[in-house]
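Structure first, commentary second.
Just so you know, all these numbers are worked out from the coordinates, no wet-lab data involved. Values in this document were obtained by computation on a predicted structure and should not be read as measured data. Quick reminder, even Gly has a Cβ in these numbers, built from the backbone with ideal geometry, and neighbours come from all protein chains shown.
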Amino acid sequence: MKLINIKHPDEQVGFREAVLQGLGRDQGLFFPQKFQRLDNVPDLLEAPFVERSAAVLGHLVGDEIETAALEGMVSTAFDFPLECPALKPNERALELFHGPSLAFKDFGARFMARCLAEFHDGGPMTILTATSGDTGAAVAHAYHGQPGIDVVILYPKGKISPLQEKLFCTLGGNVRTIAVDSDFDTCQQLVKQSFEDPELKHGLGLNSANSINIARLLAQVCYYFEAAASVEDVERLVLSVPSGNFGNVTAGLIAHRIGLPYKRIIAATNINDTVPRFLASGQWDPNPTVATITNAMDISLPNNFPRVLALEAEHGVDLAGLLASVALSDEETRDALRALHDRGYLADPHSALAWRALDRSLQPDEEGVFLCTAHPAKFLEVIEETLDIKVELPGELEAVRDKPVLSRTIAGRMDALKGALLE
Ligand SMILES: *Cc1c(COP(=O)(O)O)cnc(C)c1O
C-alpha cells in the first residue's frame, strides 16, 4: 500500500512507515494513494466477521503483512463480540462497544497496537499519550501485555470520572498511568514537549498511538461490512454515524469506495456543527467548541475531515450524493434517549443522537443501521438523569470497581514528567 501526505503529496510512504510515523511533514495526514475495488463483496458478506475483516484489511494493506500474520493480528485484535440487533424491521443498532474499553475505539486502537508490535524492530518503544478519559482506556487495553512495548498514559488528576479511571489505571504490567496535577491541555502539552526532547524521543522510542494513525482508520472499515451483512439488501442500506473527528465516517466512505454498495451515510453531530454547515454552505467557519452531553464529539475542528475531502477530490467519491450531515441539540438527544428507551432499547447519548438523525430521514423502502459507539454505562449520569432509571454496570466495570488505582501523581511540569519517564 502506498500512502501520500495529503499536505505534501511528494511525501510517499508504505503502510509500515505511515503507521510508525503517525503523521507526515507539517502534521500532514497520510492517506492511500489509490484504492482498488474488492471483486468478491457478496462472498465476503457471507463470511464470519474476523475472517471477512482479515480479507478486507489484506485488500487494503497489500503485501506488507503476510496473510497468516494479518489473520493472527485481526483475530486477537477483534476478539470481542459485535452485535447488530433490530429495533424495528428496517432499523438496526450496530453495537461496537463490547470490547474491553466499552467503546468503538477498541477496534482501531487494538489493530494499531498489533501493527506496531508487528513492525517493531526490537529497540525500545514507548507509547505516550494524553487522555481526557476515553482514549486512555482503549489504548491501555490495546497494548496491555504486548511484548517489548511500554505504555504511559497521562490524564488530568481528578478530572475524569472514577469509573473511567478504574478502567485503565488498574492494569499494571507494561501500562503506566500518571495523574497530572493540572488540566487536559497541560497533559497534551507535556506529550508534545516530550516528543521534542531527543533524550526522551530516541531513548524511549516514543510513539503516540494517536487517533489519526492510518491503522486505526483502516480497522474501522471492517465493521461497515458487518452492517451490510445484517440487512436484506445492501443497496437500500442507510448508515448513521455519531461524528466528532470524522474518522468513523471516513472509514465508512472508504468501505463504499472499495465496493460496499450501501445507499447513503449520515454524519450526525452535536451543536459543534462545523461540517453540517460546511456541507450546506461551502464555508469552513468553525465556531468555538461548546460542551454537550455527547462530549466525545465536542470538536469544532474535526481532524479527519481533510481525508473526507481527499476521497472526493482524488478518489471519485460523490460526497453530495452519498454523505449528509446533520446537527442535533442536547434536548433532541435527550428526547431520542427517551424515545429509544420507550421502545425497550438503552443507548448511550452519542448512539441515540445517531439514531434520531437516521430515524428522521429513513424512507420506507430503506434499511437503516446506526452505529452505537459507546456502552450506555459509560455515560451513566446523563442517562440516569434523563430517564430516571438506574443503569446496571456491565461486567467489565464491575470487575475493576474495587481494584486499586495504580497511578502516580506528578506536577504539571516537564521536569516532573521527564523524571517519571526516565525512572
Ligand atoms: C470518539 C467518539 C465518537 C466520534 O468518532 P469520530 O471518529 O471522532 O467521529 C463518537 N462517539 C463516541 C462514544 C466516541 O468515543
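Remarks
- Exposure proxy shown here: for Tyr224, Tyr262, the number of other Cβ atoms within 10 Å sets the order, fewest to most, as Tyr262, Tyr224.
- Long-range amide H partners of Glu83 with built H, under 5 Å: Glu95
- Under the span-like rule (Cα at least 27 Å along the axis, Kyte-Doolittle mean at least -1.0), DSSP H helices of the chain: none
- Using 0.36 nm per residue and subtracting the Cα-Cα separation, the extra length available between His202 and Asn40 on full extension is 53.9 nm.
- Reciprocal mean inverse distance between Cα atoms of the chain - Kirkwood radius, Å: 21.9
- Modelled spin-label separation between Thr409 and Glu83, with each label point placed 7 Å from Cα along the Cα-to-Cβ direction: 3.9 nm.
- Each helix, a run of at least 4 DSSP H residues, gives -39500 (n - 2.57); summed and divided by the residues of the chain, these come to -13500 deg cm²/dmol at 222 nm.
- Label-point separation in nm, Gln27 to Gln189, each point 7 Å along Cα→Cβ: 1.5
- Label-point separation, Ala420 to Thr76 (7 Å along Cα→Cβ), nm: 2.8
- Charged side chains reduced to their Cβ positions (Lys and Arg at +1, Asp and Glu at -1) give region 260-382 a dipole of some 120 debye around its Cα centre.
- Of Lys2/Lys105; Lys166/Lys390; Lys201/Lys378; Lys166/Lys418, those spanning more than 23 Å from alpha-carbon to alpha-carbon: Lys2/Lys105; Lys201/Lys378; Lys166/Lys418
- Using 0.36 nm per residue and subtracting the Cα-Cα separation, the extra length available between Glu17 and Ser281 on full extension is 91.3 nm.
- Dipole magnitude for the chain: about 600 debye, using +1 per Lys or Arg Cβ and -1 per Asp or Glu Cβ, origin at the Cα centre.
- With the convex hull of its Cα atoms as the shape, region 31-184 has an orientation-averaged projected area of 11.9 nm².
- Total charge dipole magnitude, region 217-326, about the Cα centre, Cβ charges on Lys, Arg, Asp, Glu only, Debye to nearest 20: 40
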